[in-house]
Each structure stands twice: as C-alpha cells, then as structure tokens.
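The values are calculated or read from the model by the stated rules, or taken from the named source; none is laboratory data. Owing to the predicted nature of the structure, the values given are computational and were not obtained by experimental measurement. Don't worry about glycine lacking a Cβ; one is built from the backbone with ideal geometry, like all the others, and counts go over all protein chains shown. Calculation scope for accessible area: heavy atoms of the full protein, side chains included, ligands and nucleic acids excluded. Shrake-Rupley method; radii C 1.70, N 1.55, O 1.52, S 1.80 Å.
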Amino acid sequence: VPDDESASLDVDALMNELRARVERRRAEGATPADVELSLERHFARLTGDRPEASPPVHRELDEARRDLARYEFTRAAFDPSSSVPGGRLAHQLVEKAVARQTQYVLDQVQAYAREVDRVIDLLSRIVTTLASQYDTRVLQQLDDLQDGMAELRASMNELRRGPAGA
Amino acid sequence: VTQPGVIQIVADATPADAATALALELRDLYGMAGQSAVHVIDRAPGVLRVSAADVIVYHVAPVPERCVDQLAGTSAPIVVVHHGAHGDRALLEQLTEWSTRTRTAIGTSTAALAELRAAGFDAARRGAAALDARRWRAIEPDPATRHHLGVALDGPILLAIGPFRTQCGMERLVGAMHIAQTYLRASCHLVLLGAEPDAAYVRALREQIRELNLPSVHAVGAVTAGELRAYVDGACGLVVPDGAGAEAGRVLDAMGAGLPVVARRSSSDLARDGALLALPDDAGADLYAEAITELVSNAPLRRELARRGDARAAVHDAKAAAAAYLTAVLEVA
C-alpha cells in the first residue's frame, strides 16, 4: 500500500488479496497443500498424553507399612464402661467369662495380620522397585528419545528452509 | 473486605491480560459506591472471605472446579462475566452450571454473549471493554527490557498476549511463523507474553517452537506492566489468535497504544471500519502467515492501521461501557 493510498486502504480487499495469495501458493506448490494439517497433527502429538511419574509417596508407604507391622491386637482396648447402673460390672464379668475364647480369636487375627503384613511388604518392595526403575530409567529414556526426535525435526526444518536469505 | 462490598474473582491475573485489567478498572468503579476488591484464584483453591451481604462478580475462567467450589457454595449474589469460551467444552459446561446458580451475566463480546445464552443465561447482556484505551501509554516502560529488545532482537517484532492455556490458539501463530519463515521468507520475531497457567499446554507450545526450529519465536511468559509497555514500544504489531480470551480488551489496548492489530473478525467488535486487519473466522496458520508477512513488510499499511486504531480508541467511552457492569451489580445486590 503506497503512502498516498494508505488513507483509502480497503482492509477487506487486502484480506481477499491475502487469501488469493494463499490459494496461489498452494496451487503452485510453493507451500505444501497439507502444511496446516501437518502442523495441527504435530501439535496434537505434542499435547498428547504423556506418561506420568509414579506418585511421590514412597516415604508414606514405608511409614504406613511400619505402623501396620507394629499393630497389636489386645484385650486391653476393651472398655467396660456403661451408663446403665451395674453395667460396668456386668461387662467385666462377661469379658472374664469369654476371655479365653477372645484371646484365641485375637491370636488368630494377629497371626493373620502378620501374614498380611508380609504380603504387603513383598508387594510394596516390588512396586517401589518398579516405580524407581520407571522413574529413573524408562521416563528418562523416553525424554531422551523425544529430545533426539526434536533435534532431528529441527534439523530437517532447517534444511527445508535452506540458507538464510536464499 | 471488612464491610459488605463487591468482590471480583479473577483467574491467573497478569498485567497483560485484559480480563485482569477490566477487573481492576471495575474495582475502582465499584469502589466509588463502597467496598471493592479483586480476589485472584490460581491453580489451587484459596480461602475466600465473603459474606452473604457481598456481591461477587466472577470473571469465568477455565480453572479446576475445586478452585471455585467455595465460590459456588456461598449464598452471596453472583454476577457472571464471560470473556468467551472459544470451543472449550469444559468452560461451557461450567457456564451451564453457573446458570442454575445465578441469572445475571455479562458477555464481553458478541460471541461470549451468544455462549452465555446457549448456556441458559436468557437475560444475559452485552458489556463492552470498560477500559481506558490509553492505559498502556500511561505506564513507564521498563528500561532493562527496552535495552534488551534494542540489542537482542534484530528486525520487526510482533506481540501475542496470553494467558496461555488450551484453546487459546497460540499454536496457530507458531505454525504461522513456521510458514512465514520457511515458505514466505519473512523475517520477524514473535514474542509471546502473558501468564502460563496451563503448564502442559505451555510445555507443548515450547516443544513446538523447538521442534520447528524457530529461534525467532520467544515464549517470554508473564511480564510486569513496565516490561509489557517496553515490548509494546518495540513492537510493530499485535497478533491475536482465536480464543485467547478477553480479546476485545487486548485489541483496544493495542489500538490505544498505536499498535496495528491482526485478529480474527469475530474476536472483537472493534474490527469495524477497517481499524484492524480482520481475518475471516476460519483463518488458519497459512492465512495468518500471509497477514504477518504483509504487516511486517508494509510500513504504510502499519501506519494506516495504527492511525485508524488510534482514532477508534479515541472515541471509546470507558464510562459508558462500565454502565452494564454497574447495573448488573445493582440488580443482584
């Protein structure tokens, strides 16, 4: 738009001219016909789901497992208090009467809990090892691969562009 | 706010963001009648001190639901201000949910108004950019940024302003720069300014810039008002992709600062009278590339667009535009 014509600039006409240029370049092969689609796909790939690192809860997992291992089932937790007159005594008598059976059940539960704890311990060791390998090796290798691909793409685009000012 | 007043809720505030600027302008307006404050929500929920006697003006944004849970749960009356969803389904769904909470809503563009009505706000009204169009000129430019631009960036500079989040369309501008430089031999810089609330999107955008090997595209991120002014002074144009949010305010800001604007036609009512290089709504990266190339290589075009934009900004009446926002608050108070 020359200076003396700028005041009469018709933006709509200019826009039509720009659109015509786009069509002309496509028709002449000066720009690839699918360049927009290619750019869209490229960006869609970049925004695609990326693998996430394992949640940073290893310390909490260890602490929870230690709490579980320390847990003791005991009759001492029994609370005989009652709001009914004489209720406390009645509860204590019942507790005494079934003490042997209760202790037997508690011992079984304690033994079962030890087995459960052992299983959880083994599982958590496996999961922690896998997560550690995944975080420090697999993800890092994926990042390295993506970096390599990015460098290759950048080089290809630079080659396609040719020497500056050409 | 210790006494009842108007509390505006804004997401991802940044000086370059027109939604933030509108909230600050309205804060002063509401402040003339009583207590007025702006509360910024980020990626994580904050504690919002609000009483039933307050009025909340929520500038709807695509933030995680947990950030606005407390807001939705208050009994205070709410006015929704919508800056445009641009195809963001989650935001449109959020709007529909808000329509069951309040009936009072304002759309800051024709497209935003249509989205509000589609979401169930039958009585939604149109609110123009209640901004001082000359506000960028009043800011003192940051000397360090000005110096940096002078020595580090050789050639014309175009600006694009965020916030950068999914649906903002910045990847289209990056694609346009790839086409302009690879096939049209254009030589210019594109500087991306603004908050980066969507880390995954920004990471993909930076990766795109790197893989396309575009050292002339600079993802700067959030800037201060002084830095923004320095970039505006050093730039030869503003390019607005679709869906960047609050475009009308940003276009007005640029016009008021004498910056030529390239934008989609529907992104701003200011596209009338040839005041900006208005691209059709289906404009893709290739047409943006042509427009960018034309703008940076055609000085008379830039001068004329700047002159028309400046004239358009000169007749902008911020007070009249603010009336809709004041009326909405009075209605629900």
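The numbered conditions (1) more than 14 Å from chain B (Cβ to nearest Cβ); (2) touching a Ser or Thr at 6+ places or on another chain (Cβ under 9 Å) are all true for A:Ala113 except (2).
Evaluating B:Ala244 against the criteria (1) modelled with pLDDT of 90 or more; (2) within 19 Å of B:Thr20 (Cβ to Cβ) leaves one unmet condition, (1). Once the range B:125-141 is narrowed to residues that are touching a residue at least 60 places away in the same chain (Cβ under 8 Å) and either polar (S, T, N, Q) or farther than 13 Å from B:Met255 by Cβ (or both), the residue that is surrounded by the most Cβ atoms within 10 Å (Cβ to Cβ) is B:Gly127.
When each of B:Ala230, B:Ala186 is tested for being out of contact with any strand residue (DSSP E or B) (no Cβ under 9 Å at 6 or more places or on another chain) and within 14 Å of chain A (Cβ to nearest Cβ), the lone residue that passes is B:Ala186.
Taking the criterion of being within 12 Å of chain A (Cβ to nearest Cβ) and either buried (at least 24 other Cβ atoms within 10 Å of the Cβ) or under 20 Å from the mean Cα position of the chain (by Cα) (or both), the residues of the range B:296-325 that qualify are B:Leu305, B:Ala306, B:Gly309. Once the range B:69-88 is narrowed to residues that are among the β-branched types (Val, Ile, Thr) and touching a residue at least 40 places away in the same chain (Cβ under 8 Å), the residue that is farthest from B:Arg264 (Cα to Cα) is B:Ile78. Being free of Cβ contacts under 8 Å to residues at least 40 places away in the same chain and either open to solvent by less than 50 Å² (accessible area, probe 1.4 Å) or farther than 30 Å from B:Ala114 by Cβ (or both) is true of B:Ala152.
Considering (1) buried (at least 23 other Cβ atoms within 10 Å of the Cβ); (2) touching a residue at least 60 places away in the same chain (Cβ under 8 Å); (3) not in a loop (DSSP other than H, G, I, E, B), the lone condition that B:Ala112 does not fulfil carries the number (2).
Scan the range B:181-202 and tell me whether some residue there is in a helix (DSSP H, G or I) and open to solvent by 50 Å² or more (accessible area, probe 1.4 Å). Yes, that holds for at least one residue.
Okay, residues lined up against (1) open to solvent by 70 Å² or more (accessible area, probe 1.4 Å); (2) not aromatic (Phe, Trp, Tyr):
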residue: A:Ser83; (1), (2): yes, yes
residue: A:Glu95; (1), (2): no, yes
residue: A:Tyr104; (1), (2): yes, no
residue: A:Val109; (1), (2): no, yes
residue: A:Ala113; (1), (2): no, yes
residue: A:Gln141; (1), (2): yes, yes
residue: A:Glu158; (1), (2): yes, yes
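Residue-wise test of (1) at pLDDT 75 or above; (2) open to solvent by less than 50 Å² (accessible area, probe 1.4 Å).
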site	(1), (2)
B:Ala33	no, no
B:Ser36	yes, yes
B:Arg43	no, no
B:Pro64	no, yes
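Scan B:Leu205, B:Leu214 and give me the residue that is closer than 21 Å to A:Arg41 by Cβ, in a loop (DSSP other than H, G, I, E, B) and either in contact (Cβ under 8 Å) with a residue 24 or more places away in the chain or not hydrophobic (A, V, I, L, M, F, W, C) (or both). Being closer than 21 Å to A:Arg41 by Cβ, in a loop (DSSP other than H, G, I, E, B) and either in contact (Cβ under 8 Å) with a residue 24 or more places away in the chain or not hydrophobic (A, V, I, L, M, F, W, C) (or both) holds for just one of B:Leu205, B:Leu214, which is B:Leu214. A search for C-beta distances below 7 Å between a residue of the range B:272-289 that is facing another protein chain (nearest Cβ under 7 Å) and any residue that is hydroxyl-bearing (Ser, Thr, Tyr) and surrounded by fewer than 24 Cβ atoms within 10 Å (Cβ to Cβ), counting only pairs 6+ apart in sequence or on different chains, returns B:Asp286/A:Thr31. Evaluating B:Ala199 against the criteria (1) touching a helix residue (DSSP H, G or I) at 6+ places or on another chain (Cβ under 9 Å); (2) without any contact (Cβ under 8 Å) to a residue 12 or more places away in the chain leaves one unmet condition, (1).
How many of the residues in the range A:31-50 are open to solvent by 70 Å² or more (accessible area, probe 1.4 Å) and either at pLDDT below 80 or not in a helix (DSSP H, G or I) (or both)? Number satisfying all stated conditions: 4.
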